[in-house]
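A.B. asks: Can you keep this structure in mind? I'll have questions shortly.
The values are calculated or read from the model by the stated rules, or taken from the named source; none is laboratory data. Bear in mind that the values here come from a model prediction, so they are computed numbers and not experimental data. A quick note on method: Cβ atoms are made from the backbone with ideal geometry, for glycine too, and the neighbour counts reach across all protein chains shown.
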Amino acid sequence: MTDTAENSPIDGTVLVVNAGSSSLKYQVIHPGDEEVVADGLVERIGETTSKVTHWYRGDEVKRECELADHQAAIALVLELFQDSGVDIAESGLSAVGHRVVHGGRSFSQPTLIDEKVRSEIERISPLAPLHNPPNLVGIEAVSKLLPDVPAVAVFDTAFFSDLPAEAANYALDREVAEEYAIRRYGFHGTSHEFVSQLAAEFLERDLADLNQIVLHLGNGASASAVRGGTPIDTTMGMTPLEGLVMGTRTGDIDAGIVFQLSRVGGMSIDEIDKLFNKQSGLKGLCGENDFRAILERVEAGDEDADRAYRVYLHRLRRYIGAYMIELGRVDTIIFTAGVGENAAPVRADSLADLEGYGIVIDPERNAVRNGEPRRISADDSRVEVLVVPTNEELAIARAASSVARSAR
Ligand code: ADP
């Protein structure tokens, strides 16, 4: 039997879609009570064997099959829902929320997708050639299969769209910068906004009164300085390549290295792009980007892993210092994402020896592991140091639901 909207667990939920070049992640979430009804991942789309993991209300299904493109992947996901008795097109979904990486100068808010919005996302795609095209493919594929459900684009750049001029501009010829839309946009905005708001709730403080440093440390990593809920600086720039050392990305690098690799190394721009984005960062330094393995190797005295760890920390501490100065007074430092939420040594080492600045970590609190927001600073620390688990899917679901509601 298929559910009707009235008795369906899908009624009022949001389908959150994150389409990558060969993958599709999705969740079905109740934005109100935060319940995750379904969760899934399709990998290796376009290859001979695609892998699908689909979880719906406690039941997990795994499949391997050939899926030519995102359209086929989404059709299969809808079929898997159908197998559980849910016709998702008829079950009362309130919205689809699409993660879109780059909003350029055009989008500073979650936006209801229509033909004009779709073509604008396409127009700015050269700014994020690895990310926006697959995001668009996801949008098109879902809209074909769920044409009656409002679709909302939630942009990674939106939170940072009003960065002050001194943080948003590169010291580049102004005409060239204008012509090619070169400026600092910032990314991971959905996460930085979500955890900075949640930190204020956790501390029972008014967001407007807080000066915060947010450290989103995942495979991709970025930091931001947030004053009263508004970001004044962030480490990622025109693309997600700038800033902190990441799993496979360089972070900040002397642009002169591009000239050297091209002129002396004879490398093409595409090769340099791949080197900087996929073969650098921790992976480039020590052959590995899984932080658990790196920490084990550091512990065992591995020289390459130790160097990688020190380069990573050096960059991170440099930005923490910079943001302390930019903010003038810091109330909270927040760790989030895979490394930030789980790697206690990274938290301890990145804030070591800063007692003079009012930052003191409590080792016992820092060692606690759970999925809740928590304080890891000592009682006598002037700055509150927190671990706040991020939840970008929930943030997207809330934003999509609210845009869809106001569009009705
Ligand atoms: P992204 O969303 O950017 O792909 P995540 O936020 O999922 O990344 O973070 C992935 C990173 O988190 C990986 O480097 C992984 O090794 C690290 N990580 C996950 N769990 C742990 C842990 N227990 N200790 C150390 N690092 C961890």
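A.B. asks: Which residue out of Y323, Y309 is over 17 Å from I213 (Cα atoms) and either β-branched (V, I, T) or away from the ligand (no atom under 11 Å from the Cβ) (or both)?
C.D. replies: Unique residue meeting the criteria: Y309.
Conditions tested, residue by residue: (1) more than 24 Å from the chain's Cα centre (by Cα); (2) farther than 17 Å from K25 by Cβ.
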{"residue": "R63", "(1), (2)": "yes, no"}
{"residue": "L67", "(1), (2)": "yes, no"}
{"residue": "L76", "(1), (2)": "yes, no"}
{"residue": "L80", "(1), (2)": "yes, no"}
{"residue": "G92", "(1), (2)": "yes, yes"}
{"residue": "V96", "(1), (2)": "no, no"}
{"residue": "R99", "(1), (2)": "no, no"}
{"residue": "F107", "(1), (2)": "no, yes"}
{"residue": "P134", "(1), (2)": "no, no"}
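A.B. asks: Now for a separate question. Please determine, by comparing only the residues of region 338-355 that are of a type in the set (A, V, I, L, M, F, W, C) and within 14 Å of I376 (Cα to Cα), which one is nearest to the ligand (Cβ to nearest atom).
C.D. replies: Per the criteria, the residue is A343.
A.B. asks: Okay, moving on. I'm trying to understand the selection: among the residues of region 100-119, which are without any contact (Cβ under 8 Å) to a residue 24 or more places away in the chain and either in a loop (DSSP other than H, G, I, E, B) or crowded, with 17+ Cβ neighbours inside 10 Å (or both)?
C.D. replies: If the condition is that a residue be without any contact (Cβ under 8 Å) to a residue 24 or more places away in the chain and either in a loop (DSSP other than H, G, I, E, B) or crowded, with 17+ Cβ neighbours inside 10 Å (or both), then S106, D114 are the ones that fit.
Each row is one residue, and each column tells you yes or no for (1) acidic (D, E); (2) modelled with pLDDT under 95.
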residue	(1), (2)
T235	no, no
P240	no, yes
M246	no, no
F291	no, no
E299	yes, no
A305	no, no
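A.B. asks: If F335 meets every condition in (1) within 16 Å of the ligand (Cβ to nearest atom); (2) aromatic (F, W, Y); (3) more than 30 Å from P110 (Cα to Cα) apart from one, which number is that one?
C.D. replies: For F335, the exception is condition (3).
A.B. asks: When residues of region 243-264 are filtered for being assigned to a loop (DSSP other than H, G, I, E, B), more than 16 Å from the ligand (Cβ to nearest atom) and free of Cβ contacts under 8 Å to residues at least 40 places away in the same chain, how many remain?
C.D. replies: The qualifying residues number 4.
A.B. asks: Here's something else I'd like to know. Just give me the residues in region 265-282 being part of a loop (DSSP other than H, G, I, E, B) and either of a type in the set (D, E, K, R) or on the phi < 0 side of the Ramachandran plot (or both), in sequence order.
C.D. replies: Answer for region 265-282, where residues must be part of a loop (DSSP other than H, G, I, E, B) and either of a type in the set (D, E, K, R) or on the phi < 0 side of the Ramachandran plot (or both): G265, M267, S268, Q279, S280.
A.B. asks: Another question about this same structure. When residues of region 43-98 are filtered for being within 13 Å of S23 (Cβ to Cβ) and either touching a Phe, Trp or Tyr at 6+ places or on another chain (Cβ under 6 Å) or not aliphatic (A, V, I, L, M) (or both), how many remain?
C.D. replies: 9
A.B. asks: So S402 fits all but one of (1) crowded, with 22+ Cβ neighbours inside 10 Å; (2) assigned to a helix (DSSP H, G or I); what number is the exception?
C.D. replies: Single failed check for S402: (1).
A.B. asks: Let me ask something else. Residues that are hydroxyl-bearing (S, T, Y), at least 2 per element: which helices (runs of 4 or more DSSP H) completely within region 157-239 meet that?
C.D. replies: The helices (runs of 4 or more DSSP H) meeting that bar are 189-203.
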